Amino acid sequence: MRLILFVVVAVISLGAQAREYVGHRTEGNALIIQADDGELRVAFLSPWAAEASFTPSGGELHRSYSLKPGLAPVGGSLQEFPQQLVYSQTGLTVALDKASMLLSYSSEGRELVSERRGLQNETRRVAVDFALAKDEKIMGGGQRVLGMDRRGHRLSLYNKPAWVENETYEANFSMPGYVSSNKYMLMFDNAAKGTMDIGATEADTLSFETVGGRSAYYIVAAPSFAGIVENYTALTGRQPMPPRWAMGYIASRFGYRSEQQVRDTIDLFDQAKLPVDGIVIDLYWFGKDIQGHMGKLDWDYKFWPTPIEMMDDLRDKGVNTILITEPYILTTSDRWQDAEEADVIAKNEAGEPYKFDFYFGNTGLLDLFDNKAKDWFWDIYQHHTDSGVAGWWGDLGEPEVHPDDIIHVDGRGDEVHNAYGHEWAQAVYDNWVATYPDRRLFLLMRAGFAGSQRYGMIPWTGDVKRGWGGLWPQVELNLQMGLFGMAFQHSDLGGFATEDWVPEAYTRWLQYGVFQPIYRPHGIEPIAPEPVFHEDSIRENIRRYIELRYRLMPYNYTLAHEAENRGLPLFRPLFFQQDSVDLIDVRDTYMWGDAFLVSPVTKPGVSEWPVTLPNGNWINFWNGDVCRGGRVQNVPVDIQTIPVLVKAGSFVPMVDEVMIARDYSSEKLTVHYYHHPEVTSAEGYMYEDDGQTAGAFARGAYETLLFKAGYSAEKGLALSFTAERGGELVPDGIERTVRGWLGLVPGSVYEGMPEQRRITLVVHNIDASGSVLIDGAAVKGEYDAASKQLRVSFDWDHGRKILLVK
């Protein structure tokens, strides 16, 4: 059956494909197919992923930006037939039709996709076409607002500032790849300006075409949609954990104009008793005006007279300072001469620094493909970091203005355009790791490329309109980017611009923001993005959500750990939950981790909100109501609530709220279990470390708290608590005593680790008419019949603990 399919594809494509098969060989764990016009190379990057690349005769293959440096092919099993070559690994099979020189892919007996026209590499043109199945849905292309299924659209592959409101075709952060409803991902590994035509020109054809760059793509398969993301990030890298404070409230606006304004703003947070962990200082730190100062990259001491003392004072309060930078150096800047002499400005065709006019002034652009420029820029970052800056923001990194005839080390402007922000992030990350090996990086950036997550890039959705038009697209934008490893994609909460401030929309945005990776309200003056500047009713409404954000710190932090170790986004589509194509089109509701289902309210004056629920049972976070899944449920809301439901069988760890993440402690830990009698077994976990050490998991400087539940009508509900420290199970009972005598009990593996915890277990949706036993001993629990919640507290020394509720 497979042979017949490949022959049919070849016949269809012969008219557009003149490449001829000459021979083949295996070399360096790869299959090399010699053609009359060059070499086609097929290599397995993992048992579930394969790369195809084409190098024309006498040409060369551009380097990959997306794949992890040093990633080596794993080899495969080759079979030769009269008409075909079949190259196989555990989870993926690649077949070459010799007559047409086209490749087809399958996984575990499932046909995935076939080339319609093979890789083409010509002067100023690289292209490849694929056949689309009749009912295939296609997600991808980056930050767009077009619906989750982008089939039928022709998308520009060119990072470009975009005004996000309603339907949006342009993208600050484009992505030359897609995820198919047939459970595979295909990434065109090319950073040049181009297009991605998803059945717009020909309904059954998906085409990539660029003005140059790498003539290669790779395909990733898995048995599940979540597995695709895991397998993809294994190739391109995973998001390093940010510092714990990054999960708190970050104050931001365009912009704070003076040291005094920053101090006054933080004082207002203190007076209002609102948590705050960071403050972003926009471009006014190096000049009093928007125009004319870019590239100075040093304090304007007239308005910031004592910046080091200011940052020290903020740090004493637990507030971290984040500064903005841009890669443009104005020719009027104090740094222009130094940059020119250091030879770090991208060139014109005559080999001279390329100068051009844009909104901020006459400028040059750092050639961040050049190691000299990376080092030059890093010297500035290091100077300010050593002075007290805790995090960095890289703006305009599309780059916002980028002429095609500008010459970088890696090529012309259009040929490398989409990798510019990616290389910038790499410059900061690699130097940070080398200079501060024990510290985690916080790095906001507006644009990048496939794989940018491995450099710690935290992207946002660009300049979004205030009000409902800017709010409602945000779920789709975050879901799409999360599929490609960008685990911390988020938005300017409240919206960035326009004079039309809508208080209800602002409130709804900051409510929903609790369940996005970074909580950072940001906007342009004169409308304040910070809730401390708004009326009491708005501030107090939002206060409940900010405090909830801090109580959820252990749960959210565990999601950050999953991003670092599995590549999973914090913000997940519903079809991860049910692994069903039926849920692909849902663009307004999402999973926050594996436990929470969130559906932001994006229209005014509503009293209920339609929510798509996957199969299973769902418990309303606010009132405990149980909803049956597999349908659309109208959930009651008021101005105080948005739909937040918890999947039955979920464990949610929480702590008491604190004013700053520095004061975080899980010594007193509340573990919520959402019970339903149809869930007979469940498990969850919580990851903990010191919140600041880079690579804590790899170093073994962490602990994991493991929770399990089992239920039967006869025996009741059993819950177990165990702990691992540094990957070693904390022993129990006699074994614990014996191992202690031998000096083998794991001790404190990170600073601040609790020796013992006071656990409060809250079981939701339970009829607790019987007894509660802890390790066989009866204890008294508190049961509230109205909410159907059982609350039990106990001390835990991290040995195995068993609770039984009958």
**Message:** What figure, in Å² to the nearest 10, do you get for the accessible area of Val658 with a 1.4 Å probe and non-protein molecules left out?
**Reply:** 30
**Asked** With every protein chain left in place, what is the accessible area per residue of the chain in square angstrom, probe 1.4 Å?
**Response** 35
**Item:** Value of Rg/Rh across the chain [Cα atoms, Kirkwood radius]
**Value:** 0.98
**Asked** When the chain is fully extended, how far beyond the present Cα-Cα distance does Asp404 get from Asp379, taking 0.36 nm per residue of separation?
**Response** 6.2 nm
**Complete:** Between the modelled labels at Asp316 and Lys288 (7 Å from Cα along Cα→Cβ) the distance in nm is 2.9
**Complete:** log10 I(q)/I(0) for the range 750-806, Debye formula on C-alpha points only (no solvent), q = 0.17, 0.24 Å⁻¹, two decimals, reads -0.59, -0.96
**Message:** Please enumerate, by chain and number, the lysines with C-alpha under 27 Å from the C-alpha of Lys302, excluding those fewer than 8 residues away in the same chain.
**Reply:** Lys288, Lys317
**Efficiency of FRET between Ile308 and Trp501 - r from beta-carbon atoms, R0 45 angstrom, step 0.05** = 0.80
**Message:** List the pairs from Lys160/Lys372; Lys137/Lys183; Lys780/Lys806; Lys134/Lys183 whose alpha-carbon separation is above 20 Å, in the order I gave them.
**Reply:** Lys160/Lys372
**Complete:** Once both label points are put 7 Å beyond Cα along the C-beta direction, the Glu608-Arg335 separation in nm becomes 5.7
**Message:** Ordering Thr233, Thr201, Thr435 by accessible area with a probe of 1.4 Å, largest first, what comes out?
**Reply:** Thr201, Thr435, Thr233
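So if we plug the beta-carbon distance of Ser793 and Tyr301 into 1/(1 + (r/R0)^6) with R0 = 60 Å, what FRET efficiency do we get, rounded to 0.05?
Working: r = 55 Å, r/R0 = 0.91.
FRET efficiency, Ser793 to Tyr301: 0.65.
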**Asked** With all pairs of different alpha carbon atoms counted, what Kirkwood hydrodynamic radius in Å does the range 160-220 show?
**Response** 13.0
**Fill in**
Bounding extents of the range 120-249 in its principal axis frame from Cα atoms, largest first in Å, are 48, 37, 31
**Item:** Those aspartates and glutamates that a straight Cα-Cα span of less than 14 Å connects to Lys465, excepting residues fewer than 8 apart in one chain
**Value:** Glu165, Glu167, Asp492, Glu499, Asp500, Glu525
**Asked** Which percent of the accessible heavy-atom area of the chain goes to carbon and sulfur, probe 1.4 angstrom?
**Response** 49
**Message:** For Lys374, give me every one of the aspartates and glutamates with a C-alpha distance below 12 angstrom, ignoring sequence neighbours fewer than eight places off in its own chain.
**Reply:** Asp343, Glu423, Asp430
**Request:** Report, in whole Å, the centroid distance computed from the Cα atoms of the range 175-238 and the range 398-413.
**Result:** 24
**Message:** For Arg116, what residues show an amide H to amide H distance below 5 Å, using hydrogens built from the backbone and excluding near sequence neighbours?
**Reply:** Asp129, Phe130, Ala131
**Message:** Give me the percent relative contact order of the chain, please, defined on Cα pairs under 8 angstrom at least 6 residues apart.
**Reply:** 9
**Asked** Hey, what's the Kirkwood Rh for the range 265-413 if you take every pair of different alpha carbons, in angstrom?
**Response** 16.6
**Request:** Roll a 1.4 Å probe over the protein heavy atoms and report the accessible area of Asp316 in Å², nearest 10.
**Result:** 110
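Which whole-number percent is the relative contact order of the range 76-163 (Cα, under 8 Å, 6+ apart)?
13
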**Prompt:** What does the range 202-334 give for Rg and for Dmax, in Å, if only its C-alpha atoms count?
**Reply:** 22.1, 63
**Fill in**
Cα-based Debye curve of the range 457-578 sampled at q = 0.22 Å⁻¹ gives log₁₀ I(q)/I(0) of -1.27
**Item:** For the range 285-295, 3J(HN,Hα) per residue [Karplus equation, 6.51 cos²θ - 1.76 cosθ + 1.60, θ = phi - 60°, Hz, x = Gly/Pro]
**Value:** 5, 10, x, 7, 10, 5, 9, x, 10, 4, x
**Message:** How many angstrom lie between the Cα centre of the range 50-109 and the Cα centre of the range 441-518?
**Reply:** 37
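What is the calculated FRET efficiency for Arg125 to Phe533, with r their C-beta to C-beta distance and R₀ = 56 Å, to the nearest 0.05?
Computed FRET efficiency for Arg125 and Phe533 comes out at 0.60.
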**Message:** What whole-number distance in Å separates the alpha-carbon centres of the range 286-358 and the range 778-806?
**Reply:** 57
**Prompt:** Of all DSSP beta bridges located in the chain, what percent are antiparallel, nearest 5?
**Reply:** 85
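The values are calculated or read from the model by the stated rules, or taken from the named source; none is laboratory data. Nothing here was measured: the structure is a model prediction, and the numbers come from that model. Neighbour counts run over all protein chains shown; Cβ positions are idealised from the backbone, glycine included. For accessibility, only protein heavy atoms count, side chains too; no ligands or nucleic acids. Shrake-Rupley method; radii C 1.70, N 1.55, O 1.52, S 1.80 Å.
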